[in-house]
Structure formats: structure tokens, C-alpha cells
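The values are calculated or read from the model by the stated rules, or taken from the named source; none is laboratory data. No experiment lies behind these values; they were computed from the predicted model shown. FYI the Cβ positions are ideal-geometry reconstructions off the backbone, even for glycines, and counts take in every protein chain you see.
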Amino acid sequence: MTVKRAGSILLTLAITACGGGSQSPTAPTSQSQPSPPNPQSAPPAPTPAPAPAPTPAPASFTVSLPIRPEDSRHNAFGVNSFGIHIGDHGADGHPGWDFEYAVGASILAAAEGTIQSVMPSEGGAAFGIQISHVMNGRNYRTDYGVGTLAPEIAPGATVVAGQPLGIAAAYTRTIGTVTVTYAFTHFQLDDFSKHDGLTNPNAVSPENYLDSAARQAFETIWRDAVYYQELVEPFITNPRNVVFPMTRTWTLQAGGLAPRVDFTRAHNAANDFTYVLRDASGASLDTGTAEINPLAKPLSTIDFIPAGGQRRLGVYSVLGGTMQLQYGAPGAARPTSLAGSSEYGTPQS
Ligand SMILES: [Zn+2]
């Protein structure tokens, strides 16, 4: 439920951030580059001809992170990844990344550009900022939700990468039994050379646009991210156009638990899952409902609840296509750590 409410905020920001901007897609310009020498036409030589000086590739558009790594928090989620079917983005997947910030921390421009628009959100408690970027004749846009604007942030102003745009809006929510105050932004990247027919059709995962420093910083932030959809949508970049019920198969890589675990999310608003524990041949060993609490500290918890049987209590941690899972016998106490856990893998597809 909490996630759904958080999702409403996401949507508010996303609508503000993504709606109505002037979209001026530019066709990719064909780059006329000298053809490399054809090695087959070169006369035989005792030593290979020296390689021609490489033609500098046109600079590609890259972004830095809208967050300083030290401002990252994961009290409420840490990062909501691209494509996950969360809250009001359930229909066609999350078109960006949500970053959780320390309360009071600044949101940063991810690249040099020109502020295209600054629009108050529906409640007026936050603003959506759109920054346009042009690189090699191609148009890009980054979107942010900001609680309090930095004074110089206004339409038409130019910004540099890393420039503070304002302070992340903070929210207080009761999640399970814990009340958490957290701040976040919805960060979206639109590449107008891309179009996939969904809502926010130009939205792309920032993953492939990160500069090297941003990629390194992101890894440390992502490591601690927790969100309800991780069991079926565990990646930094998940596909948006999917069908429910959605099943993901996790295959044992190391350890002694079930050789295979399938999790199924019935619909795009579900916060629990059905599961099937399978043996090596794929036969069902146990099936039922899996209840998770990804925000439990120090470890996310999972209860495997078979129909009419005793729960198996477990803990888990998902990082992309790898899951550490530990659970006990039916009726046994919950493990208190991932020591001795089994490791599962799932392919990104
Ligand atoms: Zn978002």
C-alpha cells in the first residue's frame, strides 16, 4: 500500500516532468567518415601495416547522476529502477529512475543544457524541471522533480552538469510498522531518436548514457536498493512492455536450497507473489504465496506460505540478476543473516 501511495507521488512528478514538453526529434545525421583501408587489398607485407590513426568518434551524449553518492539513502527504496511496474506506472512501466536522497540534499543537473520548463506539481509542493540537451544534432531531455527550487533555476537558464537544481522534496510515510521520512526525485531521460510506442515513448533507461564516474557511483547506490518488484523485475533496466501475470525463474547457482524458484506477480499493483519451489527436474516441491517485506532491516524478509501448511521464514537480497536467499524448515525461526545462503541467478531478457 505504501508503495502505491508513493507511486501516486511518482506519477504526480512524472506528469509534471514529462507532460507537454516540446518534442523536436531530429533524425540521426549520417556521419560521413573515411572508410578504413581494406586489409584484403593491401599488398602482402612481412609485418602488418601500422593501424591508421583512429578517427575520433563523435562524442555521445552522457549524463552524470542527479545525486551525490553520499546523499543516497535507502530507508524507503534507494532506487526504483527503470521499467518496473510500480504504483501508477503499472500500465507501462516506470519511465525513469527514482533516487532516494538524504532529507535536505540537492538534486543536480545531469548534463549541461538549457532549462526548458519549470512547472509546479499538482499539489504545488514540488516542481518538475525539464532540461533540454543537444549533442551532435540530436535532442535529449532530462526531467527531475524538485521540492524547493534553487534561485537561478528558471526557463531559459543554462545549467552545467552537477549544478544544484533545488532540494529534493521530503515525504513521511508509514511503511509496514515503521514511519520513514525520505526524499526523492524522479529522474527521466528522453532520447528523441528513440520511440517505443508507450506513454513517455522517448524515455530511455539512463543506464547506457552514464559517464564512467556516474556508472561507478551508481553501482554503490544500486547495491542497497530495495523495492517490492525486485523478485520479478530485478534489473537496473527492465522492459516496460510486459504482460501480467509476470513470472521470473531463479536458478540455483550455489547452496543447498531448492534448485529453482519461480515467482509470479499476478498484476501490476500486487505487492505479494505466488511461488513454486522446484527440484532439478522442474517438478514442484512446494507452492503457495510469498509475502515479502523488502524494507525490513537489516535484511529484506520473505515468508513462503503454502496452502494449509506452515510458513518457511526467510531473508533475501537481490542485486540485479543475483539473489541471495536463506530460509528455514517449515515452522522454524527466521534466519538472522545470509550466512550460508543459497545463490540464485536469473537472466536479463
Ligand atoms: Zn519515477
*asked:* Just the residues that are closer than 13 Å to N241 by Cα and within 9 Å of the ligand (Cβ to nearest atom), please, taken from region 87-100.
replied: H89, H94, P95
_Condition first: modelled with pLDDT of 95 or more, surrounded by fewer than 17 Cβ atoms within 10 Å (Cβ to Cβ) and under 24 Å from A280 (Cβ atoms). Now tell me which residues in region 299-319 satisfy that._
P306
*Do you know which of the residues in region 273-328 that are among the charged types (D, E, K, R) and part of a strand (DSSP E or B) is nearest to I236 (Cα to Cα)?*
E291
*In this structure, does G197 turn out to be surrounded by fewer than 12 Cβ atoms within 10 Å (Cβ to Cβ), at pLDDT 95 or above and more than 18 Å from P69 (Cα to Cα)?*
no
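So that you can scan it fast, the table gives a plain yes or no per residue for (1) part of a loop (DSSP other than H, G, I, E, B); (2) surrounded by 23 or more Cβ atoms within 10 Å (Cβ to Cβ); (3) out of contact with any Pro (no Cβ under 7 Å at 6 or more places or on another chain):
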{"residue": "P95", "(1), (2), (3)": "yes, yes, yes"}
{"residue": "I107", "(1), (2), (3)": "no, yes, no"}
{"residue": "S117", "(1), (2), (3)": "no, no, no"}
{"residue": "L165", "(1), (2), (3)": "no, yes, yes"}
*Any hit, region 145-157, residues being under 21 Å from R173 (Cα atoms), hydrophobic (A, V, I, L, M, F, W, C) and more than 16 Å from the ligand (Cβ to nearest atom)*: no
*asked:* Condition (residue is in a strand (DSSP E or B) and surrounded by fewer than 20 Cβ atoms within 10 Å (Cβ to Cβ)) applied to region 232-243: is it met by at least one residue?
replied: yes
*Starting from residues that are in contact with a helix residue (DSSP H, G or I) (Cβ under 8 Å, 6 or more places away or on another chain) and outside any loop (DSSP other than H, G, I, E, B), keep the ones in region 67-86 and report whichever is nearest to the ligand (Cβ to nearest atom).*
N80
